[in-house]
Amino acid sequence: QVQLVESGGGLVQAGGSLRLSCAASGIIFRINDMYWYRQGPGKQRELVAKITSGGSTNYTDSVKGRFTISRDNVDNMVYLQMNSLKPEDTAVYYCNADVKWTRFGGARNYWGQGTQVTVSS
């Protein structure tokens, strides 16, 4: 089994910054793509950022230029640096990853429990 644990959420004023971290642990041969999702109050969960095992990144338009996703393949970590935060960034942020247990077979998808980010105006 694999566990994803997020940390780094909190309350911040508009214009401020936060850095989210997500640690993957358990039976891990390799982690393929890693993601950050978020779900704001009364909204559907949305994909915020994606990073491949090779380091290629993609972002939803609303966070481009403000958020940066990165990863540490040695320690099985993924990060989300969030700058110039806006009240509309308020949400529960979830870590997600495609993980291979062994060299053979496909990857399985896992979710973290989420961390709350609240941006005050």
**Request:** Over the stretch 37-88, calculate the relative contact order: mean separation of alpha carbon pairs under 8 Å at least 6 apart, over the residue count, as a percent.
**Result:** 23 percent
**Complete:** Length gained, Trp101-Ser21, 0.36 nm per residue minus C-alpha separation, equals 26.6 nm
**Message:** If you average the alpha carbon positions of the stretch 90-105 and of the stretch 24-66, how far apart do those two centres end up, in angstrom?
**Reply:** 9 Å
**Request:** Could you please state how large a percent of the accessible area of the chain is carbon and sulfur, counting protein chains only and using a 1.4 Å probe?
**Result:** 47 percent
**Request:** Output the peptides 26-36, 75-85, 100-110 sorted from most to least packed, where packing is the average of other Cβ atoms within 10 Å over each peptide's residues.
**Result:** 75-85, 26-36, 100-110
**Message:** Considering all alpha-carbon pairs of the stretch 55-121, what whole percent are spaced by more than 19 angstrom?
**Reply:** 44 percent
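The values are calculated or read from the model by the stated rules, or taken from the named source; none is laboratory data. Since the model is a prediction, treat every value here as computed from it, not as a measurement. Reconstructed Cβ throughout: ideal geometry from the backbone, glycine too, with neighbour counts over all protein chains shown. Remember, those area values only see protein heavy atoms, side chains included, never the ligands or the DNA or RNA. Shrake-Rupley method; radii C 1.70, N 1.55, O 1.52, S 1.80 Å.
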